[in-house]
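The values are calculated or read from the model by the stated rules, or taken from the named source; none is laboratory data. Just so it is clear, the structure is predicted and the values come from calculations on it, not from any experiment. Note: ideal-geometry Cβ built from the backbone for every residue, glycine included; neighbour counts use all protein chains shown. The area values use the complete protein model at the heavy-atom level, side chains included, leaving out ligands, DNA and RNA. Shrake-Rupley method; radii C 1.70, N 1.55, O 1.52, S 1.80 Å.
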Amino acid sequence: MTLFDERIPELVRRMKDGELSPVELAEEAIRRIEDVDTRVGSFLERNDALLQSAEQLLDKRNRGEALGALYGLPAGIKDNIAVKGMKLTCASRMLADYRPLDDAVVIERLRAEDALFVGKLNLDEFAMGSSTETSAFQKTRNPWNPETVPGGSSGGSAAAVAAREVVFALGTDSGGSVRQPASFTGIVGFKPTYGRIPRTGVVAFASSFDTVGVLAKTVDDAAYVYDQLHGYDERDTTSLPRDAEATFATLGQDVRGLRAAVPEEWLENIDPEVKARIEEALGVMEGLGIGVDVVRLPHLSYAEAAYTILASAEAASNLARFDGVRYGFRPEGIADIDELYTRARSAGFGWEVKRRLMLGTFALSAGRYEDFYLKAQKVRTRIREDLARVFADYDLIVGPTAPTPAFHFKERLDDPLKMYQNDRFTVPANLAGLPAISVPAGFSGSGLPIGLQIMGDATDDARVLQVAYAFQEATLHHVRRPAL
Amino acid sequence: MIAVTEDMVREIAQAAAITLTPEETAHMLRDMQEIVQFVERLKAVDTEGVQPTIHPVALVLAMRDDVPAQGHPREALLALAPDAEGGYFRVPSVLGE
């Protein structure tokens, strides 16, 4: 039991009451990183000023000033989110030395609530991947088994929370990048409705999919942090223009009488141990008074293909900005401007990024646009319609977060289709912009965590958290932690 | 069925401003053939009369007041560039000799 096993609201209360100081928590983070991070590899950069910031927070309390909701909590930030003064690499050689001039909106909000920033966390390059193996800089290992991946693309964020190096972490989820690593590392990963959390200051990968999410050890911790992050910001015109609704206070609300749908194909072609844990989880949900039915969504099996085209096309457009002129990597000995563009991009991007830029450019090119890009956009509509039909009769869609537990390094790296298949249960929520969470649902025989995914209709973020919380409180899966 | 060819890979790479070595071209050809074959399954979906989804959530046009604001000073932005001179980004020859 470490300090970081304690729930967030209790830690904040103890610090506000003076029983515990932000300096002690900062020291705990440093100690923990020094103990375990050579084996985990979550951090790309650590904040040298952490202790100093913690002392400033202590002074703030001593002066009798008002203290924020996240007072003194050491947080880790996925390295595609801008924190002023720190690097913003996206785990890419292209941005190896880039330091942004501004905080992302989410960082401003965490800062305003007195959170501490422990450092920047590893990811798949530009968030493209499902194992954090496409990072140009380092490997992150799963704290439950160092031979397996932590999932991705927010693998550093998930591993840091699971290894108790931070109290919570921010990640991003465009096709499952918060939920799948949470599932692989036995923690909670919450992706809210698209637009709930402003994206300004988050490096764009696939703009109609990109969503900031929270990784924490429990649902209540995730809800508590999420409440400090959501709400409109005028700098992101795709953020939702509605009043922020607090979710944490609604946890514990009765979930009896709700109805959950399980897509038939989510129980097919999956690891038998995942299937067993999910069936047990569905039994727990029934025990909570939630009606569970298996349903058929005719277009769901096309989700992955549609996502692959659309996310790659949006990436090809977004990453056109990396030209070696205004910022980022520039090679030596360049003769002319065309050579600058191509050499900067060829040496700056890794293979997975190139593969997606190629596919995206292909899908958008003259003569192929209608058959690929436009077709995928129409299939996206079909999938949204399927989901809307289900939500007319049901409150939730539930099933596994990923078809398998964490896999071994290199197992899928050279097989893009096998790697993309990891996302097949998580991409539907991104295609339709829906809120979804991964919550611990038990373990495989070899001790690897397995996650239950709970998805809600658009803007039903609070309900998703309420049901996940009820499930968590009815089970003990979230209590186990990796030995390390 | 669309057959991805080596010429097609070269053409796409040029459009994406990426250079590939001959070895990489062969590797990319294999990967793209595999991925394109996979995504072609979308052809089986009847999308007659279906509107494309461009954005997942219905958005309203957000207006804001036109208030002048101070951005970052030019020097701070130029300091992020790989090369700058006299208040401008510096790039190699654009028009050639």
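What the table below lists for this structure:
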item: Residues of the stretch A:137-153 satisfying the condition of being assigned to a strand (DSSP E or B) and either over 18 Å from the mean Cα position of the chain (by Cα) or at positive phi (or both); result: A:145, A:148
item: Residue match in the stretch A:173-181 (condition: in contact (Cβ under 8 Å) with a residue 60 or more places away in the chain and more than 28 Å from residue A:360 (Cβ to Cβ)); result: no
item: Selection from the stretch A:301-346 of residues that are free of Cβ contacts under 8 Å to residues at least 12 places away in the same chain and on the phi > 0 side of the Ramachandran plot; result: A:333
item: Single condition residue A:475 does not satisfy, out of (1) open to solvent by 10 Å² or more (accessible area, probe 1.4 Å); (2) hydroxyl-bearing (Ser, Thr, Tyr); (3) closer than 27 Å to residue A:377 by Cβ; result: (3)
item: Matching residues in the stretch A:285-300 - criterion: being touching a residue at least 12 places away in the same chain (Cβ under 8 Å) and in contact with a strand residue (DSSP E or B) (Cβ under 8 Å, 6 or more places away or on another chain); result: A:285, A:290, A:291, A:292, A:293, A:294, A:295, A:296, A:297, A:300
item: Residue tally, condition hydrophobic (A, V, I, L, M, F, W, C), closer than 22 Å to residue A:393 by Cβ and surrounded by fewer than 18 Cβ atoms within 10 Å (Cβ to Cβ), over the stretch A:261-278; result: 1
item: From A:312, A:346, A:365, A:317, residue being open to solvent by 40 Å² or more (accessible area, probe 1.4 Å), within 30 Å of residue B:6 (Cβ to Cβ) and polar (S, T, N, Q); result: A:317
item: Residue that is open to solvent by 30 Å² or more (accessible area, probe 1.4 Å) and among the aliphatic types (A, V, I, L, M), where the choices are A:246, A:281; result: A:246
item: Unmet requirement for residue A:258, which otherwise passes all of (1) more than 10 Å from chain B (Cβ to nearest Cβ); (2) open to solvent by 30 Å² or more (accessible area, probe 1.4 Å); result: (2)
item: Residue within the stretch B:57-68 that is under 24 Å from residue A:375 (Cβ atoms) and at the interface with chain A (Cβ under 7 Å from one of its Cβ atoms) present; result: yes
item: Some residue of the stretch A:185-206 being out of contact with any Pro (no Cβ under 8 Å at 6 or more places or on another chain) and in a helix (DSSP H, G or I); result: no
item: Test: residue in the stretch A:235-251 that is over 30 Å from residue A:103 (Cβ atoms) and in a loop (DSSP other than H, G, I, E, B); result: no
item: Some residue of the stretch A:375-386 being of a type in the set (Val, Ile, Thr), at the interface with chain B (Cβ under 8 Å from one of its Cβ atoms) and in a helix (DSSP H, G or I); result: yes
item: The stretch B:72-97, subset surrounded by fewer than 10 Cβ atoms within 10 Å (Cβ to Cβ) and in a loop (DSSP other than H, G, I, E, B), residue farthest from the other protein chains (Cβ to nearest Cβ); result: B:86
item: Matching residues in the stretch A:175-201 - criterion: being under 29 Å from residue A:148 (Cβ atoms) and hydroxyl-bearing (Ser, Thr, Tyr); result: A:177, A:183, A:185
item: Pair list, Cβ under 7 Å, 6 or more apart: the stretch A:347-360 residue more than 9 Å from chain B (Cβ to nearest Cβ), other residue among the aliphatic types (A, V, I, L, M) and in a helix (DSSP H, G or I); result: A:348/A:94; A:356/A:315
item: Which listed residue is of a type in the set (Val, Ile, Thr) and surrounded by 15 or more Cβ atoms within 10 Å (Cβ to Cβ), from B:60, B:50; result: B:50
item: Test: residue in the stretch A:153-168 that is closer than 26 Å to residue A:133 by Cα and either open to solvent by 10 Å² or more (accessible area, probe 1.4 Å) or within 14 Å of chain B (Cβ to nearest Cβ) (or both); result: yes
item: Members of the stretch A:73-87 found to be open to solvent by less than 10 Å² (accessible area, probe 1.4 Å), among the hydrophobic types (A, V, I, L, M, F, W, C), part of a loop (DSSP other than H, G, I, E, B) and out of contact with any helix residue (DSSP H, G or I) (no Cβ under 6 Å at 6 or more places or on another chain), listed by number; result: A:73, A:82
item: Filter result (among the hydrophobic types (A, V, I, L, M, F, W, C) and either out of contact with any helix residue (DSSP H, G or I) (no Cβ under 9 Å at 6 or more places or on another chain) or at pLDDT below 95 (or both)) within the stretch A:23-65; result: A:36, A:49
item: Given (1) more than 30 Å from residue A:434 (Cβ to Cβ); (2) facing chain A (nearest Cβ under 7 Å), index of the condition residue B:53 fails; result: (1)
item: Qualifying helices (runs of 4 or more DSSP H) (wholly inside the stretch A:1-72; at least 2 residues being under 25 Å from the mean Cα position of the chain (by Cα) and of a type in the set (D, E, K, R)); result: A:22-40
item: Criterion (in a helix (DSSP H, G or I) and more than 12 Å from chain B (Cβ to nearest Cβ)) met by exactly one of A:392, A:429; result: A:392
item: Residue satisfying all of: in the stretch B:26-47; within 8 Å of another protein chain (Cβ to nearest Cβ) and not in a helix (DSSP H, G or I); nearest to residue A:419 (Cα to Cα) among these; result: B:45
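Results for (1) under 20 Å from residue A:303 (Cα atoms); (2) among the small types (Gly, Ala, Ser), shown as yes or no for each residue.
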residue	(1), (2)
A:379	yes, no
A:382	yes, no
A:389	yes, no
A:398	yes, no
A:401	yes, no
A:406	no, yes
A:420	yes, no
A:424	yes, no
A:466	no, no
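Yes/no matrix, rows are residues, columns are (1) open to solvent by 10 Å² or more (accessible area, probe 1.4 Å); (2) free of Cβ contacts under 8 Å to residues at least 60 places away in the same chain; (3) assigned to a helix (DSSP H, G or I):
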{"residue": "A:405", "(1), (2), (3)": "yes, no, no"}
{"residue": "A:413", "(1), (2), (3)": "yes, no, no"}
{"residue": "A:418", "(1), (2), (3)": "yes, yes, yes"}
{"residue": "A:441", "(1), (2), (3)": "no, no, no"}
